[in-house]
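Novice: One structure, pasted below without further comment.
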Amino acid sequence: MRGFSIDSLKLGPMENFIYLIHDHDSQRTAVVDPAWEPQRIVERARELGVTITDILLTHSHHDHINGIEAVLDQYDAPIHLLKEEARFWGADIGRPVLHHGGDTLMLGSTPIRILHTPGHTPGSACFHVGDRLIAGDTLFVYGCGRCDLRGGDPNQMFDTLRKLRADLPPDTVILPGHDYAVSPVSSLAEQEQGNPFMLIDDRQDFIEYRMHLHDRCRHEPYGPEDRDALIRMIHSGRCN
């Protein structure tokens, strides 16, 4: 029997997913990226009969952190994020627990492997828990995070997605930071077969698509793409 469970809420105008990771043995519970409607997060924790003991941040953009203070009004919980993201963010958030990529945070008996996944921001993180990856704005279902905001870097995103594909099992369940696609969750294998950002093997093609074509040519809800049609569009510079 699995020693943890992950519960999700979809909140706010940008359809953010907020996740509650509950370790059954210790009853410790971490909330990932508390935002938008913190009272609903608190209510869900109470419905589940758990106490929020930790706050995990995939990154520091406003739409993923704007509920932190309200959660801290209810719970005494340390904030965990990557050292690179704390430096990029530059906010005064007291004494956060700073991590490095590859660290493992023990939530009671549940190991949470913290992956450094830059591209959307310099210190973006994904949390690998069992067979699931809480991916923030690094990897969406049939998409990936923008790289044109402050701190974004399409070169880093290209490398990050290649590394995730190489390092994680294909049956890894992707839990994204937003509900932008035809399904709220997916497997890494499905993303390898249909996510345009995983179908593009050439770095310059990736940058051209991410920075110039994607937002102009593609519309929600995102679904799987065909590699050949995608490459033809990139090389022509015109939407299909």
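The values are calculated or read from the model by the stated rules, or taken from the named source; none is laboratory data. Predicted model, so just to flag it, every value in this text is computed and none were measured. Counting neighbours? That spans all protein chains shown, and the Cβs are built from the backbone with ideal geometry, glycine included.
Novice: State the number of residues belonging to the stretch 193-240 that are in contact with a strand residue (DSSP E or B) (Cβ under 9 Å, 6 or more places away or on another chain), among the polar types (S, T, N, Q) and surrounded by fewer than 17 Cβ atoms within 10 Å (Cβ to Cβ).
Specialist: Of the residues in the stretch 193-240, 0 are in contact with a strand residue (DSSP E or B) (Cβ under 9 Å, 6 or more places away or on another chain), among the polar types (S, T, N, Q) and surrounded by fewer than 17 Cβ atoms within 10 Å (Cβ to Cβ).
Novice: Any residue that is closer than 24 Å to Arg40 by Cα, buried (at least 19 other Cβ atoms within 10 Å of the Cβ) and small (Gly, Ala, Ser) - is there at least one of those in the stretch 76-90?
Specialist: Yes, the stretch 76-90 contains a residue that is closer than 24 Å to Arg40 by Cα, buried (at least 19 other Cβ atoms within 10 Å of the Cβ) and small (Gly, Ala, Ser).
Novice: Looking at the stretch 104-129, which of its residues are crowded, with 16+ Cβ neighbours inside 10 Å and part of a loop (DSSP other than H, G, I, E, B)?
Specialist: Gly108, Thr117, Pro118, Gly119, His120, Thr121, Pro122, Gly123, Ser124
Novice: Can you name every residue in the stretch 90-103 that is in a loop (DSSP other than H, G, I, E, B) and modelled with pLDDT of 95 or more?
Specialist: Selection gives His100, Gly101, Gly102, Asp103.
Novice: Check whether at least one residue in the stretch 21-29 is at pLDDT 95 or above, in a helix (DSSP H, G or I) and over 21 Å from Thr117 (Cβ atoms), and report yes or no.
Specialist: no
Novice: Let me ask another. Of the residues that sit in the stretch 138-151 and are in contact with a strand residue (DSSP E or B) (Cβ under 7 Å, 6 or more places away or on another chain) and not in a strand (DSSP E or B), which one is nearest to His64 (Cα to Cα)?
Specialist: Residue satisfying both the conditions and the ranking: Thr138.
Novice: Using the structure shown, decide if Ile65 is under 20 Å from Gly108 (Cα atoms), at pLDDT 95 or above and in contact with a helix residue (DSSP H, G or I) (Cβ under 9 Å, 6 or more places away or on another chain).
Specialist: Answer is no for this residue.
Novice: In the stretch 1-20, how many are assigned to a loop (DSSP other than H, G, I, E, B), out of contact with any Asp or Glu (no Cβ under 6 Å at 6 or more places or on another chain) and closer than 18 Å to His62 by Cα?
Specialist: The qualifying residues number 2.
Novice: Which residues, counting only those in the stretch 1-22, are among the charged types (D, E, K, R) and either crowded, with 22+ Cβ neighbours inside 10 Å or touching a His at 6+ places or on another chain (Cβ under 6 Å) (or both)?
Specialist: Glu15, the sole residue that qualifies.
Novice: What helices (runs of 4 or more DSSP H) completely inside the stretch 185-237 contain at least 3 residues that are over 20 Å from Asp159 (Cα atoms)?
Specialist: Passing ranges, in order: 214-217, 227-236.
Novice: Then there's this: Just to be sure, is Gly49 without any contact (Cβ under 8 Å) to a residue 12 or more places away in the chain, at positive phi and not hydrophobic (A, V, I, L, M, F, W, C)?
Specialist: Yes.
Novice: For the stretch 152-167, give me each residue that is crowded, with 18+ Cβ neighbours inside 10 Å and not in a helix (DSSP H, G or I).
Specialist: Answer for the stretch 152-167, where residues must be crowded, with 18+ Cβ neighbours inside 10 Å and not in a helix (DSSP H, G or I): just Gly152.
Novice: Whether any residue in the stretch 30-41 is more than 21 Å from Asp103 (Cβ to Cβ), touching a Lys or Arg at 6+ places or on another chain (Cβ under 9 Å) and either in a helix (DSSP H, G or I) or at pLDDT 95 or above (or both) is what I want to check.
Specialist: So far as the stretch 30-41 goes, no, none of its residues is more than 21 Å from Asp103 (Cβ to Cβ), touching a Lys or Arg at 6+ places or on another chain (Cβ under 9 Å) and either in a helix (DSSP H, G or I) or at pLDDT 95 or above (or both).
Novice: Separate question: Criterion first (at pLDDT 95 or above, in contact with a His (Cβ under 7 Å, 6 or more places away or on another chain) and either of a type in the set (Ser, Thr, Tyr) or assigned to a helix (DSSP H, G or I) (or both)) does Thr53 satisfy it?
Specialist: So Thr53 does not fit the description; no.
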